[in-house]
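**Student:** Quick one: the structure is below, questions incoming.
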């Protein structure tokens, strides 16, 4: 089959659009699993057969290191990708190198070789693997996402493709969460699959995620072709100039800074969710995992409506409203613990979060594409990967700060059934940060 030709946004064939969008399966398939890393290394003390490899606060601090290093790697990868001029294009070389490293380090994190009493060795290996993992994720993710504003040049086309991407994200995260918690609970003592003995439910799921990452990232990468006439456009900018030009864009910081603050709150809550099943609901890991799946199930139901809502109400208004609604929802999370039906209340709460989540997942990609268009008007350059890299620099640290804050709350206020306050406080803290993000986003100048 011949290599696909570049297509205009309005003429891109449905098959190409679907294949490109399926790359988000590769980027997001490990997301449910990664949110359970603190639980794997520092389970609640009252969980059956719990074996802590590291203190909870230590896990949060070590995971932050990887996010910080990766944050600085983001603009470097973006800059190099925009300048690259190879036979394979600007984006593919980075993806081809990064994907195998991404898979190897993901699997390594879920197969810790050292048992209890080896905190130094376990901590050193975790911080190394986590740091390399996120840098490899950037090598794959930033060039892949940089193709979106290039293959889709109108708001309608970007919304369609972004909705497809969100749809795939939703499906894979629902499936992951529905399987993850129940399998962790069922295989807590180990399991033998296809003749291989696994120590827990995390290990076989990590291997499956690795295979899916390779399959879908490669499918998406080779399904579309970037426009040749964009290759040399940013070649004359130095790295420092490229960074400064991004920061001078009047729409960039008012979009990304609020997003970064908000994401700290989101990741505080994401870290708390795995502990909910046993420590708050007094059930099992399955209930917590099903709640996460409900978020994305409801998010999927919003996708068909966004094509009408966005033109009617505007991108900025829809995105800002979603920020505000989620901040209010997070703040109400402690009410779960005083409900006479805690599990049902938790599931309803998680389902309600799905509407703003679906809206934000779609519009976040559309808005950053608009910012890139604004940059082209100012500079005459197309620097898609640099902008996704700069966005990553400011947001990736948020992904590390969230688990750090959550694990500190666990250490100070508890994360067990007898002392669940640390888990419950994650909601109001996340809500306060979400409110700050909404207030800051009001300065975003585009619509």
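The values are calculated or read from the model by the stated rules, or taken from the named source; none is laboratory data. Note that the structure is predicted; figures quoted are calculated from it, not measured. So basically every Cβ, Gly included, is an ideal-geometry build from the backbone, and we count neighbours across all protein chains shown.
**Student:** Does segment 396-415 hold any residues that are surrounded by fewer than 18 Cβ atoms within 10 Å (Cβ to Cβ) and more than 26 Å from the chain's Cα centre (by Cα), and which are they?
**Tutor:** Passing the criteria: 412, 413.
**Student:** Could I ask something else about it? Run residue 283 past the list (1) surrounded by fewer than 23 Cβ atoms within 10 Å (Cβ to Cβ); (2) in a helix (DSSP H, G or I); (3) touching a helix residue (DSSP H, G or I) at 6+ places or on another chain (Cβ under 8 Å) and report the number of the one that doesn't hold.
**Tutor:** Result: residue 283 fails condition (2) only.
**Student:** Then there is this: Of the conditions (1) closer than 21 Å to residue 443 by Cβ; (2) more than 17 Å from the chain's Cα centre (by Cα), residue 363 clears all except one; give me its number.
**Tutor:** In the conditions (1) closer than 21 Å to residue 443 by Cβ; (2) more than 17 Å from the chain's Cα centre (by Cα), residue 363 misses (2) alone.
**Student:** Separate question: Could you grab me the full set of residues in segment 404-435 that are on the phi < 0 side of the Ramachandran plot and part of a loop (DSSP other than H, G, I, E, B)?
**Tutor:** 415, 416, 417, 418, 419, 420
**Student:** On to the next question. Please return the ranges of helices (runs of 4 or more DSSP H) entirely within segment 313-403 where 3 or more residues are touching a helix residue (DSSP H, G or I) at 6+ places or on another chain (Cβ under 6 Å) and touching a residue at least 40 places away in the same chain (Cβ under 8 Å).
**Tutor:** In segment 313-403, 315-331, 342-379 are the helices (runs of 4 or more DSSP H) which contain 3 or more residues that are touching a helix residue (DSSP H, G or I) at 6+ places or on another chain (Cβ under 6 Å) and touching a residue at least 40 places away in the same chain (Cβ under 8 Å).
**Student:** Criterion first (surrounded by fewer than 18 Cβ atoms within 10 Å (Cβ to Cβ) and on the phi < 0 side of the Ramachandran plot) does residue 160 satisfy it?
**Tutor:** no
**Student:** Exactly one condition in (1) at pLDDT below 90; (2) crowded, with 22+ Cβ neighbours inside 10 Å is false for residue 102; which is it?
**Tutor:** (1)
**Student:** Follow-up question, since we're still on this one. Residue 72 - would you say it is surrounded by 21 or more Cβ atoms within 10 Å (Cβ to Cβ) and in a helix (DSSP H, G or I)?
**Tutor:** Considered against the rule, which asks whether it is surrounded by 21 or more Cβ atoms within 10 Å (Cβ to Cβ) and in a helix (DSSP H, G or I), residue 72 comes out as no.
**Student:** Okay, next question. Is there a residue in segment 87-94 that is assigned to a helix (DSSP H, G or I) and under 19 Å from residue 129 (Cβ atoms)?
**Tutor:** No, because not a single residue in segment 87-94 is assigned to a helix (DSSP H, G or I) and under 19 Å from residue 129 (Cβ atoms).
**Student:** Can you tell me which condition residue 111 does not meet? The list is (1) at pLDDT 90 or above; (2) in a helix (DSSP H, G or I); (3) surrounded by fewer than 17 Cβ atoms within 10 Å (Cβ to Cβ), and all the others hold.
**Tutor:** (2)
**Student:** Please go through segment 180-199 and pick out each residue that is in contact (Cβ under 8 Å) with a residue 60 or more places away in the chain and surrounded by fewer than 21 Cβ atoms within 10 Å (Cβ to Cβ).
**Tutor:** 182, 185, 188, 189, listed by residue number.
**Student:** Where the second residue is not in a helix (DSSP H, G or I) and the first is farther than 15 Å from residue 388 by Cβ and lies in segment 248-268, which pairs have Cβ atoms under 7 Å and are six or more apart or on separate chains?
**Tutor:** Here the result reads 250/445; 254/443; 254/444; 254/445, each pair linking segment 248-268 to a residue that is not in a helix (DSSP H, G or I).
**Student:** Look through segment 115-155, keep the residues that are out of contact with any helix residue (DSSP H, G or I) (no Cβ under 8 Å at 6 or more places or on another chain) and in a helix (DSSP H, G or I), and return whichever of them is surrounded by the most Cβ atoms within 10 Å (Cβ to Cβ).
**Tutor:** It comes out as 128.
**Student:** Can you pull out every residue in segment 230-262 that is at pLDDT 85 or above, surrounded by fewer than 17 Cβ atoms within 10 Å (Cβ to Cβ) and assigned to a helix (DSSP H, G or I)?
**Tutor:** Within segment 230-262, 244, 247, 248 meet the criteria.
**Student:** For residue 347, state whether it is closer than 24 Å to residue 264 by Cα and either surrounded by fewer than 20 Cβ atoms within 10 Å (Cβ to Cβ) or in contact with a strand residue (DSSP E or B) (Cβ under 8 Å, 6 or more places away or on another chain) (or both).
**Tutor:** For residue 347, the condition - closer than 24 Å to residue 264 by Cα and either surrounded by fewer than 20 Cβ atoms within 10 Å (Cβ to Cβ) or in contact with a strand residue (DSSP E or B) (Cβ under 8 Å, 6 or more places away or on another chain) (or both) - is met.
**Student:** Inspect segment 295-310 for any residue being modelled with pLDDT of 90 or more, more than 30 Å from residue 374 (Cβ to Cβ), crowded, with 22+ Cβ neighbours inside 10 Å and touching a helix residue (DSSP H, G or I) at 6+ places or on another chain (Cβ under 6 Å) and give the result as yes or no.
**Tutor:** Scanning segment 295-310, I find no residue that is modelled with pLDDT of 90 or more, more than 30 Å from residue 374 (Cβ to Cβ), crowded, with 22+ Cβ neighbours inside 10 Å and touching a helix residue (DSSP H, G or I) at 6+ places or on another chain (Cβ under 6 Å), so the answer is no.
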